[in-house]
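Chemist: Please see the structure below; I have some questions.
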């Protein structure tokens with residue numbers, strides 16, 4: 001059997017869950033080909049999988065990781081953005097035609113879905129945001145910029161409506177999330193009634209747990225392990241890494257502190273900065289062991305990281321990027337479920353972070369364990385394997 005997997009290339013959340021799926025299939029002798037771009041492509045270069053480099057599509061961001069609608073509109077524009085999408089679509093059609101997969105899996109990639117639809121290939125969509133909302137922008141803009149921003153809002157609504165229609169051409173929609181009433185992406189899943197029959201909530205797409213004990217032993221005491229794992233687009237990632245490094249290196253020795261910079265082009269190994277151990281890039285096994293040994297996770301509010309923390313029963317401190325609507329909604333829901341403290345990036349300092357870590361450790365560990373228990377014996381990866389098998393059998 002042949003499987004074509006195309007994750008969105010912005011950040012590492014999409015590629016990491018697709019990597020887990022691909023490894024499951026590869027262990028069963030399935031031939032897998034990836035298609036992606038940007039951060040995911042850098043990840044794939046180290047993964048050992050065969051991959052195709054797709055035409056990149058992205059938003060423009062400011063230095064602090066904030067999505068900038070004005071810059072996106074002025075530098076990408078409607079024509080440039082549309083032409084980029086068409087080029088990506090042509091590339092997907094060519095690659096799928098040449099590879100002849102039995103099933104196509106798109107993780108939040110419209111071009112791949114459309115290409116598979118044109119070529120009449122069975123197609124599975126993985127996503128955790130059905131309705132793509134325009135980033136909130138509270139910046140006061142000059143009067144001369146307002147017409148462009150108004151046009152950007154109109155275009156965004158049009159594109160969002162087209163995206164919602166395009167998602168519907170999939171044969172099956174996999175949402176790697178908890179079933180109601182615990183769904184993390186609840187506020188991002190405004191799915192039309194006619195599409196809901198295609199949707200399956202399967203739980204997190206993460207490998208099985210290693211059940212490593214929490215904390216590190218020191219002279220008869222256990223220091224809580226704070227694992228700060230940063231991901232996301234390069235600009236966003238770099239800003240938070242620098243901010244957390246400055247704060248955590250001065251933290252007291254009461255904690256074991258590890259920072260993963262999430263840079264797919266970074267070097268292996270660790271270096272000490274004050275009280276902090278820093279990893280530019282961690283092997284999959286090292287990352288998993290550290291995550292599973294952690295007492296609290298500090299991160300952005302990406303869906304994949306939150307779901308991994310829930311599957312491991314870990315409380316969180318979440319720092320969503322400014323005006324990132326999807327991550328703000330994820331963080332809000334995790335906070336409502338009592339498993340996360342949410343911090344405003346603009347107010348992030350040693351006092352704020354220290355207080356959030358203490359609150360998370362003292363008040364949210366039991367909630368995190370209980371929420372993890374709601375997963376039962378569900379296995380999201382096996383659910384995807386079964387869905388692929390059903391589509392192949394129905395051909």
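Chemist: Looking at 22, 6, 40, can you tell me which residue is part of a helix (DSSP H, G or I) and in contact with a helix residue (DSSP H, G or I) (Cβ under 6 Å, 6 or more places away or on another chain)? Break it down into steps so the answer makes sense when it comes.
Modeler: Values: 22 fails: in contact with a helix residue (DSSP H, G or I) (Cβ under 6 Å, 6 or more places away or on another chain); 6 fails: part of a helix (DSSP H, G or I).
Just a single option satisfies the conditions, and that option is 40.
Chemist: Shifting gears a bit: Can you find a residue that is modelled with pLDDT under 95, outside any loop (DSSP other than H, G, I, E, B) and touching a helix residue (DSSP H, G or I) at 6+ places or on another chain (Cβ under 6 Å) anywhere in the range 119-134?
Modeler: Looking for residues that are modelled with pLDDT under 95, outside any loop (DSSP other than H, G, I, E, B) and touching a helix residue (DSSP H, G or I) at 6+ places or on another chain (Cβ under 6 Å), one finds none in the range 119-134, hence no.
Chemist: It is to be established whether one or more residues within the range 354-364 are loosely packed, with under 14 Cβ neighbours inside 10 Å and at pLDDT below 95.
Modeler: no
Chemist: Quick one: how many residues across the range 203-245 are modelled with pLDDT under 55 and part of a loop (DSSP other than H, G, I, E, B)?
Modeler: In the first step, residues of the range 203-245 are kept if they are modelled with pLDDT under 55; the result is 208-221.
When the remaining residues are screened for being part of a loop (DSSP other than H, G, I, E, B), the result is 208-215, 219-220.
Residues meeting the conditions: 10.
Chemist: Turning to a different aspect of this structure: Evaluate the range 378-386: report whether one residue or more is surrounded by fewer than 16 Cβ atoms within 10 Å (Cβ to Cβ), more than 30 Å from residue 103 (Cα to Cα) and touching a residue at least 40 places away in the same chain (Cβ under 8 Å).
Modeler: No: zero hits.
Chemist: Take residue 284 and decide whether it is modelled with pLDDT under 95, surrounded by fewer than 23 Cβ atoms within 10 Å (Cβ to Cβ) and outside the structural domain of residue 177 (by TED's automatic domain parsing). Before you say what the answer is, go through the steps one by one.
Modeler: Working: modelled with pLDDT under 95: yes; surrounded by fewer than 23 Cβ atoms within 10 Å (Cβ to Cβ): yes; outside the structural domain of residue 177 (by TED's automatic domain parsing): yes.
When the stated conditions are applied, residue 284 passes them.
Chemist: Could you count how many residues in the range 288-301 are in contact with a helix residue (DSSP H, G or I) (Cβ under 9 Å, 6 or more places away or on another chain) and modelled with pLDDT of 95 or more?
Modeler: Within the range 288-301, residues that are in contact with a helix residue (DSSP H, G or I) (Cβ under 9 Å, 6 or more places away or on another chain) and modelled with pLDDT of 95 or more number 9.
Chemist: Another one. Can you name the residue in the range 314-350 that is within 19 Å of residue 371 (Cβ to Cβ) and touching a residue at least 60 places away in the same chain (Cβ under 8 Å) and, of all such residues, is surrounded by the most Cβ atoms within 10 Å (Cβ to Cβ)?
Modeler: 330
Chemist: Name the residue that is surrounded by the fewest Cβ atoms within 10 Å (Cβ to Cβ), counting only residues in the range 181-198 that are in contact (Cβ under 8 Å) with a residue 12 or more places away in the chain and more than 14 Å from residue 303 (Cβ to Cβ). Don't jump to the end; show me each part of the working.
Modeler: Step one: of the range 181-198, the residues in contact (Cβ under 8 Å) with a residue 12 or more places away in the chain are 182-192, 194-195, 198.
Remaining after also requiring more than 14 Å from residue 303 (Cβ to Cβ): 190-192, 194-195, 198.
Working: 190: 11, 191: 18, 192: 12, 194: 8, 195: 15, 198: 16.
Among those that are in contact (Cβ under 8 Å) with a residue 12 or more places away in the chain and more than 14 Å from residue 303 (Cβ to Cβ), it is 194.
The values are calculated or read from the model by the stated rules, or taken from the named source; none is laboratory data. Being a predicted model, the structure only gives us computed values, none of them experimental. We place every Cβ from the backbone using ideal geometry, glycine too, and count neighbours over all the protein chains shown.
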